[in-house]
Amino acid sequence: MHIQTYDQLSEQVALKLIATVKEKPNACLALPTGKTPLGTYQTLTKHFKIDPALDWSKTRCFALDEYLEIKESDSFHTFLIEHLYQKSNIATENTFSPAQVVNYDEVIEQLGGLDLTLLGIGRNGHIAFNEPETCPLSFTHCTWLEKSTLDANRSDFTGKQPDRAITVGIETIMRSRRIILIASGSSKREIVKQAFSGEITRRVPASFLQKHPNLQVLTDFGFSLDTTNSW
Ligand code: PGA
């Protein structure tokens, strides 16, 4: 299906997540926060409501990142609780945040590795909070946030805006069996083009995804990429 609207994008991604969990009920998912995945979570919520057979009780959910020194109500963890965890039968003990788990990558590995990572993309090309110049071999680590990231997210805070975060690394993401990156709106068009039609460079962290054998890029502005064709 050719995606033309944000609603269509959200529906497509929600269906892929549902299919992943149907195929493997104890799948490990890495999940983003932010404006872009909100529609996906809202669509998932609708599916949970109309289909009581959807069972995510064994599904393991790993937040991609979290702010440091954040007011709990402004945290990504709270975002995921409010927009996804509470709307489903995902078990609290199966939800993980890099701010609450020591050795995030080891825990991911012990639970079988990530089956699917869903990503947004920052206007500077970041994935999770892997800002430009992050080492492509990075695992979960703390980082300072770039000005463009701070500017894009300024309105999300009721308390002080943090300038540091903990994030899964680029290598954490690359080890995921499947990756879906989603982008919405014309403000993301240029960076998506640079990331997936340009050179692979540390200046655009998302460009490293070009090397992943099972990647889908889905947008509502006409750009798409599928390195797999097996979905
Ligand atoms: P957004 O953030 O979905 O709020 O645009 C994406 C990102 O920074 O990864």
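All of the numbers you see were taken from the coordinates with simple rules; none came from a lab. These figures come from a predicted structure and were not determined experimentally. Backbone-built Cβ (ideal geometry, glycine too); neighbour counts: all protein chains shown.
Would you confirm whether or not region 181-198 contains a residue that is more than 19 Å from LEU118 (Cα to Cα) and among the acidic types (Asp, Glu)? Yes - at least one qualifying residue is present in region 181-198.
If you go through region 152-164 and keep only what is away from the ligand (no atom under 11 Å from the Cβ) and either touching an Asp or Glu at 6+ places or on another chain (Cβ under 6 Å) or not in a strand (DSSP E or B) (or both), you end up with ARG154, PHE157, THR158, GLY159, LYS160, GLN161, PRO162, ASP163. The lone criterion from (1) closer than 19 Å to LEU17 by Cβ; (2) hydrophobic (A, V, I, L, M, F, W, C); (3) within 16 Å of the ligand (Cβ to nearest atom); (4) more than 16 Å from the chain's Cα centre (by Cα) left unmet by ILE70 is number (1). Exactly one residue out of THR95, THR43, THR78 is of a type in the set (Val, Ile, Thr), within 16 Å of the ligand (Cβ to nearest atom) and buried (at least 18 other Cβ atoms within 10 Å of the Cβ): that is THR43.
Checking each residue of region 46-65 against the condition of being within 14 Å of the chain's Cα centre (by Cα) and part of a loop (DSSP other than H, G, I, E, B) gives at least one match.
Filter region 11-40 for residues that are within 12 Å of the ligand (Cβ to nearest atom) and part of a helix (DSSP H, G or I); which is surrounded by the fewest Cβ atoms within 10 Å (Cβ to Cβ)? Across region 11-40, the extreme among qualifying residues is LEU38.
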